[in-house]
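K.L.:
My questions will all concern the structure given below.
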Amino acid sequence: MYIALIAHYLGPRLGIGQYLERLLPSLVEELTHQGFKVIILASPNAVTQTPALEKLKHLVRLLPPLDYSPVKRATWVITRLAKYCHREKIETIVWLSNPIVLPWHPPTIAVIHDVNEWKAANKYGDRLKTWLRAMVYLDASLRFAQQIIVVSEATKQDLCHFRPDPQLKLKLKAIANGNDSQLSDLAPMTIPAPNSPFLLSVGRIDPAAKRLPEAVALVSALREISHEPWELHLLGGINTTTQASGEAFLESIKNKHWVHYQGYVSDRALAQWYRQATAIVFLSENEGFGLPIAEAAAMNRWIVVSQTNQASCEVGENAVIPITATNPQMAAKKLLERLQKSPSPPTEARGQSWRETASAYAAEICRLTGFAE
């Protein structure tokens, strides 16, 4: 049986890119072991940015329409994908991100990472654009996909909150991303980190979604309360959808000598930043999982998170320090107290491995198709 894994994203290898990097090798191995003939339909951008896809290039078929603008991409998927699958003998589709599912497509599993389109009405510039994205990526998937995988229990609860349909629960399956990280195996290197204490923010430079102004306020409070020269270092790229706000934010912090934007860095450099950070700050409230939290926990770092984001606490477990992001003074005191008690969190194992995640995906695919060699 031929099965297609659809892997695509735009821009640098951030959240979805890291997810594909970690999941795909083990998932392909699991499915192949079950007897499936695996095809990866990948966008050119994803292939360029994701080393795992380069290693799996014998299975990859480039699909340039996946890099089209949202309207053009949706048009191609609506009008051409079913014919493409028929021609290539593809019997089942697994959308690994931003699914576009329709009733005339082959049986489909849709992976949903978050429900930001429902949580923030103006998330993508205006209400109409955000509503259209929600209809395409969320509502159509819920209606037409045979099975839906969500990346955390928090995302599952969000889906059931916004769409309280008893029938929907029957095809929802929460499978957590892996919490293990390859970063800890990478060799140390020299980075421009300060000798003073600093918070590290990892992820897309999206000031509203990632609550970066609140992270700046937290470090300001740390400097004031502790009388130490705390710094904030930001790692990550800028997506086209948030380019204007991201660049405006970076411009606004130029007068703060203790805030530094390091840009997008290599995995080896990222690992070193995690090692040397006093703690990680990740205040996003709309994450479905939060890969930087899992990476930081695997590197044995404390992670300061928003107490309103259940997914953050679910992923980081006993490595998180939940705070009220709008109260930086109290948050700073809480972090300083925790660091005084212990500079790093307990080291017991957290969550599951990416191999276990891939195995759970494969089990759902076998259940949907009724296929196993």
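The values are calculated or read from the model by the stated rules, or taken from the named source; none is laboratory data. Quantities reported herein were computed from a predicted structural model and do not represent experimental measurements. Positions of Cβ are backbone-derived with ideal geometry, glycine not excepted, and every protein chain shown enters the neighbour counts.
K.L.:
Looking at the stretch 204-226, is at least one residue of a type in the set (Asp, Glu), part of a helix (DSSP H, G or I) and surrounded by fewer than 16 Cβ atoms within 10 Å (Cβ to Cβ)? Let's see the steps before the verdict.
P.N.:
Filtering the stretch 204-226 down to residues of a type in the set (Asp, Glu) leaves 206, 214, 224.
Within this subset, residues satisfying the condition of being part of a helix (DSSP H, G or I) are 214, 224.
With the extra rule that they be surrounded by fewer than 16 Cβ atoms within 10 Å (Cβ to Cβ), the set shrinks to 224.
So far as the stretch 204-226 goes, yes, one or more of its residues are of a type in the set (Asp, Glu), part of a helix (DSSP H, G or I) and surrounded by fewer than 16 Cβ atoms within 10 Å (Cβ to Cβ).
K.L.:
Also, quick follow-up: Can you find, within the stretch 332-358, the residue that is surrounded by the most Cβ atoms within 10 Å (Cβ to Cβ) among those that are part of a loop (DSSP other than H, G, I, E, B) and among the charged types (D, E, K, R)? First the steps, then the outcome.
P.N.:
If we filter the stretch 332-358 for residues that are part of a loop (DSSP other than H, G, I, E, B), which is where we start, we get 342-353.
Next, only the ones that are among the charged types (D, E, K, R) stay: 348, 350.
Working: Glu348: 8, Arg350: 17.
This residue is Arg350.
K.L.:
Look at Pro197 and say whether it is buried (at least 17 other Cβ atoms within 10 Å of the Cβ), touching a residue at least 40 places away in the same chain (Cβ under 8 Å) and assigned by TED's automatic domain parsing to the domain that holds Pro328. Quick ask: steps written out before the conclusion?
P.N.:
Details: buried (at least 17 other Cβ atoms within 10 Å of the Cβ): yes; touching a residue at least 40 places away in the same chain (Cβ under 8 Å): yes; assigned by TED's automatic domain parsing to the domain that holds Pro328: yes.
Against the criterion (buried (at least 17 other Cβ atoms within 10 Å of the Cβ), touching a residue at least 40 places away in the same chain (Cβ under 8 Å) and assigned by TED's automatic domain parsing to the domain that holds Pro328), Pro197 qualifies.
K.L.:
When you scan the stretch 122-170 for helices (runs of 4 or more DSSP H) that lie fully inside it, which ones turn up with 2 or more residues that are of a type in the set (Gly, Ala, Ser) and in the same structural domain as Tyr9 (by TED's automatic domain parsing)?
P.N.:
On the way: elements: 127-133, 140-144, 153-162, 166-169.
Result: 140-144.
K.L.:
Okay, moving on. Looking at (1) within 21 Å of the chain's Cα centre (by Cα); (2) surrounded by fewer than 20 Cβ atoms within 10 Å (Cβ to Cβ), which is the one condition that is false for Asn98?
P.N.:
For Asn98, the failing item is (2).
K.L.:
Let me ask another. Given the condition assigned to a strand (DSSP E or B) and at pLDDT 90 or above, answer yes or no: does some residue in the stretch 182-191 qualify? It would help to see each step written out before you state the result.
P.N.:
To start, the set of residues in the stretch 182-191 that are assigned to a strand (DSSP E or B) comprises none.
The answer is no, given that none of the residues of the stretch 182-191 is assigned to a strand (DSSP E or B) and at pLDDT 90 or above.
K.L.:
Would you pick out the residues in the stretch 259-277 that are of a type outside the set (Val, Ile, Thr) and either over 16 Å from Ser181 (Cα atoms) or out of contact with any Leu (no Cβ under 7 Å at 6 or more places or on another chain) (or both)?
P.N.:
His260, Tyr261, Gln262, Gly263, Tyr264, Ser266, Ala269, Gln272, Arg275, Gln276, Ala277
K.L.:
Name the one entry in Pro25, Pro103 that is touching a helix residue (DSSP H, G or I) at 6+ places or on another chain (Cβ under 6 Å), of a type outside the set (Phe, Trp, Tyr) and over 28 Å from Ser181 (Cα atoms). First the steps, then the outcome.
P.N.:
Values: Pro25 fails: over 28 Å from Ser181 (Cα atoms).
None of the others qualify; the one that does is Pro103.
K.L.:
Where the second residue is assigned to a strand (DSSP E or B) and surrounded by 15 or more Cβ atoms within 10 Å (Cβ to Cβ) and the first is of a type in the set (Val, Ile, Thr) and lies in the stretch 52-67, which pairs have Cβ atoms under 9 Å and are six or more apart or on separate chains?
P.N.:
Val60/Ala7; Val60/Ile39; Val60/Ile40; Val60/Leu41; Val60/Ala42
K.L.:
Cβ contacts < 9 Å: first residue closer than 18 Å to Gln262 by Cα, restricted to the stretch 225-248; second residue in a strand (DSSP E or B) and aromatic (Phe, Trp, Tyr), any location; separation 6+ or different chain. Result?
P.N.:
Short answer, once both residue conditions are applied: Trp230/Phe198; Glu231/Phe198; Leu232/Phe198; His233/Phe198; His233/Tyr261; Leu234/Tyr261; Leu235/Tyr261; Gly236/Tyr261.
K.L.:
A further question on this structure: Having 3 or more residues that are modelled with pLDDT of 90 or more and in contact with a Lys or Arg (Cβ under 7 Å, 6 or more places away or on another chain) is the bar; report the strands (runs of 3 or more DSSP E) wholly within the stretch 243-331 that clear it.
P.N.:
Working: elements: 259-263, 279-282, 303-306, 320-323.
Of the strands (runs of 3 or more DSSP E) lying wholly inside the stretch 243-331, none has at least 3 residues that are modelled with pLDDT of 90 or more and in contact with a Lys or Arg (Cβ under 7 Å, 6 or more places away or on another chain).
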